[in-house]
Amino acid sequence: MIYVTNDNDVEALVQISGLQMEQEVNGNYVITFVAHNTDNNPAYNILLEESIVSFIDYGYDFRVKQMKETRRGKQVTAISTYFDGVAKYQKDIFGGTRTFNEFAEFALRGTGWKFTSEVTGHRLIENFGQNNAVALIDALCKVYQCEYMIYPNNIIHFAPKIGGDHDAQYRYGHNVKALSKNVDTTKLRTYIEGYGAVNENGGGQLFVSYESPFAAKYGKLDADPVYDDRFTNANALLEHIKGMLIDYPEATFELDSVELLDKELGERVWLIYEPMQLEFQTRVLSQTKTVVNGKLQTTKVVLGNTIPKSTTDILISQKVEIDENKKITRSKFHQTNDRITMEVETIGESISKLELTDKEIKLSVDETNKSLAELKLTSEQFQVTINNKVDGMNSQWTQTSNSLQGQINDNDNAISTLRLDVQGFETTVYQKIDNVEDKTDRNYSQITQTDSYIQTQVVKYNEGEKVVSMINQTPDYVKITANSIELNGAVIANGSITGNGNLDISNSITIGQNLYMTSGGNRIQFWDGSSILASNGNVEITADQQLIFGAQFTQFHNTVDFSRATVTGMMRVAFNGSNRCYLKDRDGRDICYWSATPA
């Protein structure tokens, strides 16, 4: 029985004629028939475009794709519902080295179709995905060089070659009534070149070429070169271009035979046809069946090595073209014996890449005209780099088992660095070089720390001369080096203060005990020119106006010859011989006196 389904309506289709069911070894499966507009044909009104025609007894469903209607009936062409897969888009990428079954399961995901397979082995397929299910199955069969056949109840069967080899014969005068031969060499080519992705490491563009063994017979006939930058593996690209090359004459033989029912689609048979001097083994590429006595029987076969492009092929290719135009992202998978590379790219916007070798893992994210982040990992070190393409700034961090190093750069010139290792810690900040003509004379500050000292320094270049201020600290001392040192606040020293320089104090000095002059000829100098000089046991006091003592001096502990002691200017010292020393003015009047012991 034949039924038609349109949405939720299901009706029997009983008034038809001219039914032909054609199945090809490349998977195409098409039916044609005429449905008559009669009162006793329940399904006629719901037999419309995209409705489903079901052969219940055989387990096959077909979707109406072409229909010509007249007042007497509808002439219908429908293809297997397997080809509904052209509308099932697999948006993911499933590339890599996988088994045939893994690829097939991915391609048919969500279609409602299952499969059986005689195909074995692993293959590398880059970027498998982002296409409709039917196109993915066709691509998969090209890689594995296999065929498929539509089985009942939504099952696809894959095999290296559909059909068996039973040494059957089609021979003129025995089981062949008529035969016609078609040969087409329009697409015959024996040489093809393929160009893949450009090697970013400077290795040039991937290139492969293939010359067919048939070039010895037909000559070197160049096919159009293939350009596809999705391919980064030479073997994968070679298999791809070989599958695109038609290096033999496309020949088909249509025959009517008295013995067709027992032949399988794809079966190898011997064709012996003396009127055309033909004797060779060929295949059953197509079977056409029709209803005979209420049953489907084979009425015509096509033998040869190719199948002309059918309506089904055109529908698929149109769908693929539409999907390709919609694609804005893509990914790549590249595998060799020594390297695996994976990429995901939004074309013209950004790309991320993972590259694996036995020595290194490299990960990068590159946003076009904006920024780049990169990570490298080896057994010896870990390195992260972030580069801003707009302002030229970038930072880098490197880690090994015994060190950490980081830096921030301005257009490849370091402006801040950090180093940490088993010996110590060091950080440096450099002057930005926007207005510095000589990049070697860049001001910088630096902190260095080890287990035994800490050093900080600030370096400035003034007309080529290096000026440095520095603090060095060890367990034994702290040393400060600079052109000037400024201390703000109270300074407390619990030990000795020594040095070879001058002590310049703008305010008072308070001394708790003694003030020692450690060498002769030292003078205490006052701002107005007055001074006190001690030299060779003598003390000389100098004053421009007068010398005033605000308190009584009672005793000198050392012997002093006051008869020789004088004070120039307004004052003089006199000794009266009675253990008293008088300080008199120029008129001889006593100012003060103190006890003394003459020499």
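The values are calculated or read from the model by the stated rules, or taken from the named source; none is laboratory data. Small disclaimer: the values here were computed from a predicted structure and weren't measured. Note that each Cβ is placed from the backbone with ideal geometry, even for glycine, and that neighbours are counted across all protein chains shown. These area figures cover heavy atoms from the full protein model, side chains too; ligands, DNA and RNA do not enter into them. Shrake-Rupley method; radii C 1.70, N 1.55, O 1.52, S 1.80 Å.
The table for this structure:
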{"item": "Filtered residues of segment 1-22 (kept if out of contact with any helix residue (DSSP H, G or I) (no Cβ under 7 Å at 6 or more places or on another chain) and either free of Cβ contacts under 8 Å to residues at least 12 places away in the same chain or more than 19 Å from G294 (Cα to Cα) (or both))", "result": "T5, D7, N8, V10"}
{"item": "Unique match (being within 30 Å of Q449 (Cα to Cα) and in a loop (DSSP other than H, G, I, E, B)) among G529, G512, G501", "result": "G501"}
{"item": "Residue in segment 402-410 that is among the charged types (D, E, K, R) and open to solvent by 80 Å² or more (accessible area, probe 1.4 Å) present", "result": "no"}
{"item": "Candidates V10, V34, V53, filtered to the one that is open to solvent by less than 10 Å² (accessible area, probe 1.4 Å) and either among the β-branched types (V, I, T) or assigned to a strand (DSSP E or B) (or both)", "result": "V53"}
{"item": "Residue tally, condition within 30 Å of N514 (Cβ to Cβ), of a type in the set (A, V, I, L, M, F, W, C) and assigned to a loop (DSSP other than H, G, I, E, B), over segment 445-488", "result": "2"}
{"item": "G18, sole failed condition from (1) on the phi < 0 side of the Ramachandran plot; (2) open to solvent by 40 Å² or more (accessible area, probe 1.4 Å); (3) small (G, A, S)", "result": "(1)"}
{"item": "Any hit, segment 373-396, residues being modelled with pLDDT of 90 or more, touching a Phe, Trp or Tyr at 6+ places or on another chain (Cβ under 6 Å) and either within 27 Å of I480 (Cβ to Cβ) or of a type outside the set (A, V, I, L, M) (or both)", "result": "no"}
{"item": "Residues (in contact (Cβ under 8 Å) with a residue 12 or more places away in the chain, among the acidic types (D, E) and more than 22 Å from V4 (Cα to Cα)) located in segment 63-104", "result": "D92"}
{"item": "Pairs with Cβ under 6 Å, 6+ apart, first in segment 153-168 and over 18 Å from Y82 (Cα atoms) and outside any strand (DSSP E or B), second at pLDDT 90 or above and open to solvent by less than 20 Å² (accessible area, probe 1.4 Å)", "result": "P160/C146"}
{"item": "Lone qualifier among Q457, Q449, Q473, Q513 - being open to solvent by less than 60 Å² (accessible area, probe 1.4 Å) and not β-branched (V, I, T)", "result": "Q457"}
{"item": "Residue among S401, S395, S445 that alone is small (G, A, S) and over 26 Å from T378 (Cβ atoms)", "result": "S445"}
{"item": "Enumerated strands (runs of 3 or more DSSP E) restricted to segment 56-142, each holding at least 3 residues that are over 18 Å from F158 (Cα atoms) and open to solvent by 60 Å² or more (accessible area, probe 1.4 Å)", "result": "60-69, 89-93"}
{"item": "Residue among V429, V422, V384, V478 that is free of Cβ contacts under 8 Å to residues at least 60 places away in the same chain, under 29 Å from I361 (Cβ atoms) and open to solvent by 70 Å² or more (accessible area, probe 1.4 Å)", "result": "V422"}
{"item": "Residues being open to solvent by less than 90 Å² (accessible area, probe 1.4 Å) and out of contact with any strand residue (DSSP E or B) (no Cβ under 9 Å at 6 or more places or on another chain) - total across segment 184-213", "result": "2"}
{"item": "Test for K300: is it buried (at least 17 other Cβ atoms within 10 Å of the Cβ) and either on the phi < 0 side of the Ramachandran plot or at pLDDT 75 or above (or both)", "result": "no"}
{"item": "Only one of K332, K326 that is within 43 Å of the chain's Cα centre (by Cα), at pLDDT below 65 and of a type outside the set (V, I, T)", "result": "K326"}
{"item": "Residue in segment 17-26 that is at pLDDT below 90, within 28 Å of M149 (Cα to Cα), charged (D, E, K, R) and assigned to a strand (DSSP E or B) present", "result": "yes"}
{"item": "Selection status of V491, hydrophobic (A, V, I, L, M, F, W, C) and either under 53 Å from the mean Cα position of the chain (by Cα) or assigned to a strand (DSSP E or B) (or both)", "result": "no"}
{"item": "Criterion violated by A87 - all others in (1) at pLDDT below 90; (2) closer than 23 Å to I162 by Cα; (3) among the small types (G, A, S) satisfied", "result": "(2)"}
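Conditions tested, residue by residue: (1) open to solvent by less than 30 Å² (accessible area, probe 1.4 Å); (2) out of contact with any strand residue (DSSP E or B) (no Cβ under 6 Å at 6 or more places or on another chain); (3) modelled with pLDDT under 80.
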position	(1), (2), (3)
Q145	no, yes, no
F158	yes, no, no
S180	no, no, yes
D224	no, yes, no
E239	no, yes, no
T252	yes, no, yes
